[in-house]
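The block underneath contains the structure these notes are about, expressed in structure tokens.
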Amino acid sequence: MEREVRFKGNAARSWFRLRHPLRILFNSLVIAFLKYMPPVELKNSLYRHLLNVRIGRDVAISPDVILDPLFPELIEIGDGCLIGWGARIFTHEFWPDRVKIRPVKFGKTVFIGGFSVVRPGVTIHDHVFIASNSFVNKTITKRGVYGGVPAKLIRKDL
């Protein structure tokens, strides 16, 4: 689901038109609670069943990770992924007059380094390593190590 919603005036002031405020509150509370939990299967199960995040097998989501509270169901995490401490994954972004809503997808065996940010609409294909403190703003299709602001290829072989 990719969509762009236009608003007259400041789009960020109209956030409640995107989704029911109680649903956003529920999502935010679940995310706030789970961000303190260590990477265990119970955490993944709660993300799957309460927020409809698609999470594969053998996934580790570290503490302090924030998943987008508006549209967490647009996040897909493949088998064997690791999301590092403090990473942020967004499925929406506000512009002055609109909101862009796009899915985020991680393939198999993707590592998202601590404190990295992944923007809406990004797909990271299999066997990619994102270094800590990186800003991923484009789809990454080739294996390798990426890092920086914005993230760029650092090393081809993994």
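Each value in this text was obtained by applying a stated rule to the coordinates, not by laboratory testing. This is a predicted model, so every value here is computed, not measured. Positions of Cβ are generated from backbone atoms using ideal geometry, with glycine treated the same way; all protein chains shown enter the neighbour counts.
In the list (i) -0.57; (ii) -0.66; (iii) -0.50, the label attached to log10 I(q)/I(0) by the Debye sum over Cα atoms at q = 0.12 Å⁻¹ as derived from the coordinates here is (iii). The mean sequence separation of alpha-carbon pairs under 8 Å and at least six residues apart, normalised by the residue count of region 3-155, gives a relative contact order of 17 percent. FRET efficiency for the Glu41 to Ala12 pair, using the beta carbon distance and R₀ = 25 Å, is estimated at 0.10. Qualifying GluC sites (Glu not before Pro) in region 1-104, where qualification requires a DSSP coil assignment and no more than 11 other C-beta atoms within 10 Å, comprise Glu2. Report the residue, chosen from Tyr146, Tyr36, Tyr47, that carries the largest GNM mean-square fluctuation when the chain is represented by alpha-carbon nodes joined by springs under 10 Å. Comparing Tyr146, Tyr36, Tyr47 in a Gaussian network model of the chain, the most mobile one is Tyr36. Amide H contacts for Val122 (H built 1.01 Å from N in the peptide plane; partners 5 or more residues away or on another chain; cut-off under 5 Å): Lys105. Stretching the chain fully between Val149 and His49 yields a gain of 32.6 nm (0.36 nm per residue, less the alpha carbon separation).
Among the trypsin sites (Lys or Arg not before Pro) within region 1-55, those in coil by DSSP and having at most 14 neighbouring Cβ atoms inside 10 Å are Lys8.
Taking other Cβ atoms within 10 Å as a rough exposure proxy, Thr141, Thr91 sort from fewest to most as Thr141, Thr91. Estimated purely from DSSP H runs of n ≥ 4, each contributing -39500 (n - 2.57), the mean residue ellipticity at 222 nm for the chain is -5000 deg cm²/dmol once divided by its residues. Computed from the C-beta positions of Lys108 and Asp64 and an R0 of 22 Å, the FRET efficiency is 0.40 to the nearest 0.05. Here the chain is assigned +1 on the Cβ of each Lys and Arg and -1 on the Cβ of each Asp and Glu. Its dipole about the Cα centre then comes out at about 500 debye. Projected label points at His125 and His20, each 7 Å from Cα along the beta carbon direction, are separated by 4.0 nanometres. Entry note, region 36-121: relative contact order of 27 percent, from Cα contacts under 8 Å with a spacing of 6+ residues. Couplings 3J(HN,Hα) of region 130-142, computed from phi: 9, 5, 4, 6, 9, 10, 9, 10, 9, 5, 10, 9, 9 Hz, in residue order, whole Hz [Karplus 6.51 cos²θ - 1.76 cosθ + 1.60, θ = phi - 60°; x for Gly and Pro].
Close amide H pairs (under 5 Å, H built 1.01 Å from N) link Tyr146 with Phe129, Ile130, Ala131, Ile154, residues at least 5 positions away or on another chain. For region 33-48, 3J(HN,Hα) computed residue by residue from phi via the Karplus equation (6.51, -1.76, 1.60; θ = phi - 60°) reads 5, 6, 5, 8, 7, x, x, 10, 4, 4, 4, 4, 4, 5, 4, 5 Hz, glycine and proline entered as x.
Lysine pair count for the chain (Cα-Cα distance under 13 Å; residues 8 or more apart in sequence or on different chains): 6.
Taking every DSSP beta bridge that has both ends in the chain, the antiparallel portion is near 30%. Couplings 3J(HN,Hα) for region 19-25, derived from phi with the Karplus relation 6.51 cos²θ - 1.76 cosθ + 1.60 (θ = phi - 60°), are 7, 4, x, 5, 5, 5, 4 Hz, where x marks Gly and Pro.
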